[in-house]
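Worksheet: the structure to be examined is printed underneath.
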Amino acid sequence: MDYDKEIKELLETVIREGASDLHISEKRHPTIRVSGNLIPLVKKEAFSTQDTRGILRKLVKPELEDAFEKNKEIDFSYEFEGKARFRGNAFFQQGHISIALRLIPKIIQSLEELKLPAILGDFAKKKQGFFLVVGPVGQGKTTTLASMVELINQERAEHIVTIEDPIEYAYDQKKSIIDQREVRIDTKDFHSALISTLREDMNVIMVGEMRDPETMSAAVTAAETGHLVFSTLHTNNAAQTIDRIIDSFPPGQQEQIRIQLAGSLIGVFSQRLIPRISGGRIPAYELMIANDAVANLIREKRVHEIDTVIETSSEQGMIDMNRCLADLVRAGEITIENAYKFAFKPKSLEKML
């Protein structure tokens, strides 16, 4: 098999069909995901063990091959002929190799093009603070952050450092200086890179993911010391996000991180990509703005009350997920069934429809 040709044909299919992901596995047809649905490419032969390994060798840097054999899994990125980038993960399952590739569009879309609220641009204009985009895997968190970083790049002269595993969107420097660091390639880990940024005269930090207490602590400290910090977490909503961060620390450190978080957090944006009636997917979202009321609830260990603050603070710019879902139903964008499926509180949603 000509592996270069095979990869080219598969990735061109992903782009042409508007797919978000490509799955390559031994003894299975390659499969793409379009609008959330998996579609096998049955005209392609199922791959052999040799084929899958040969394709992987073409996708990853040589130094990552050894890491893959040692760790049994590896994250990587792949640049495809200047047309697009792909975020990849290779892993073993039942002794066989599987590869998952996610399409990262070459062009970074604006908030408006992504159907996201314009108020996110206000957070991109902040000079300091800690802003999180949260949600399950595959819900567009990285794309949202990329749009916010690109907005800064277009409008202000700042030094921006991104720390990612792997690097996804590649930025063309406009008004800002942008340094992109990839974990394991350019730095040992997220925490080390974050500590290093404090000596790099930077203004904005984008951390691909908060994976451990050390990274969380360094991010909060950076936000406290006059920097704008963006990151993501795999949590469902604002209240759960705050609890997750605090609960990640040992009991003796939780009060300190609670106080730091109350003082540095500026917002939490939770999003889901929902099947659109007309095809494709559209975001539904919740936005918590960390005003004085929210900061006090965090300090006083009353995080469970934040949902109520969001529901009753639309005049301040906060956005309730159920209200967003109801608006999408009324606009004919999504079905009622999908609105209920993605609602945090289905019974509350019922009163709005």
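As a proxy for reagent exposure, ranking 333, 155 by other Cβ atoms within 10 Å from fewest up yields 155, 333. This model, with +1 at the C-beta of Lys and Arg and -1 at the C-beta of Asp and Glu, gives region 209-353 a dipole about its Cα centre of some 440 debye. As a quick test, which of the pairs 106/174; 106/126; 126/175 have an alpha carbon distance above 18 angstrom in this structure? Violating the 18 Å Cα-Cα cut-off are 106/126. Taking other C-beta atoms within 10 Å as the exposure proxy, 304, 23, 227 rank 304, 23, 227 from fewest upward. Karplus-based coupling profile of region 277-284, in residue order and whole Hz: 4, 7, x, x, 9, 9, x, 10, with θ = phi - 60° in 6.51 cos²θ - 1.76 cosθ + 1.60 and x standing for Gly or Pro. Scalar couplings 3J(HN,Hα) for region 77-91, obtained by applying the Karplus form with A = 6.51, B = -1.76, C = 1.60 to θ = phi - 60°, are 10, 9, 8, 10, 6, x, 8, 6, 10, 10, 8, x, 9, 10, 7 Hz; x denotes Gly and Pro. Helices in the chain, meaning DSSP H runs of at least 4 residues, each add -39500 (n - 2.57). Divided by all residues, the mean residue ellipticity at 222 nm is -11500 deg cm²/dmol. Shown here for region 182-218: GluC sites (Glu not before Pro) in loop regions (DSSP other than H, G, I, E, B) with at most 12 other Cβ atoms within 10 Å, namely 200. Going by the alpha-carbon gyration tensor, a ≥ b ≥ c the square roots of its eigenvalues, is region 1-40 rounded (a/c under 1.5) or, if a/c is not under 1.5, prolate (a/b greater than b/c) versus oblate? Judged from the Cα gyration tensor, region 1-40 comes out oblate (a/c at least 1.5, b/c at or above a/b). Think of region 120-319 as a dipole: +1 on every Lys or Arg Cβ, -1 on every Asp or Glu Cβ, centred on the Cα centre; then among 293, 283, 260, 283 lies furthest on the positive end.
Suppose R0 equals 45 Å; then what is the FRET efficiency for residue 125 and residue 28 from their Cβ-Cβ distance, rounded to the nearest 0.05? My answer for the efficiency is 0.45.
The stretch between residue 175 and residue 118, if pulled fully straight at 0.36 nm per residue, gains 18.4 nm over its current Cα-Cα span. The aspartates and glutamates within cross-link reach of residue 301, meaning a Cα-to-Cα straight distance under 16 Å and a gap of 8 or more places when in the same chain, are 243, 247, 255, 292.
If you count Lys pairs in region 22-72 whose Cα atoms are under 29 Å apart, skipping same-chain pairs closer than 8 places in sequence, the total is 14. Counting other C-beta atoms within 10 Å, and keeping those with at most 11, which DSSP coil trypsin sites (Lys or Arg not before Pro) do you find in region 187-293? For trypsin sites (Lys or Arg not before Pro) across region 187-293 that sit outside H, G, I, E and B with at most 11 neighbouring Cβ atoms in 10 Å, the list reads 188, 199.
Here the Karplus relation 6.51 cos²θ - 1.76 cosθ + 1.60, evaluated at θ = phi - 60°, turns the backbone of region 32-39 into coupling constants of 10, 10, 10, 6, x, 9, 7, 10 Hz, with x for every Gly and Pro.
Under the 0.36 nm per residue contour assumption, what length would be gained going from the current alpha-carbon distance of residue 347 and residue 67 to full extension?
Details: separation 280, 0.36 × 280 = 100.80 nm, distance 4.80 nm.
This chain segment gains 96.0 nm when fully extended.
Every number here is computed from the coordinates shown, using simple stated rules; none is lab data. Note that this is a predicted model, so its numbers are computed, not measured. Here the Cβ is made from the backbone with ideal geometry for all residues, glycine too, and neighbour counts use every protein chain on show.
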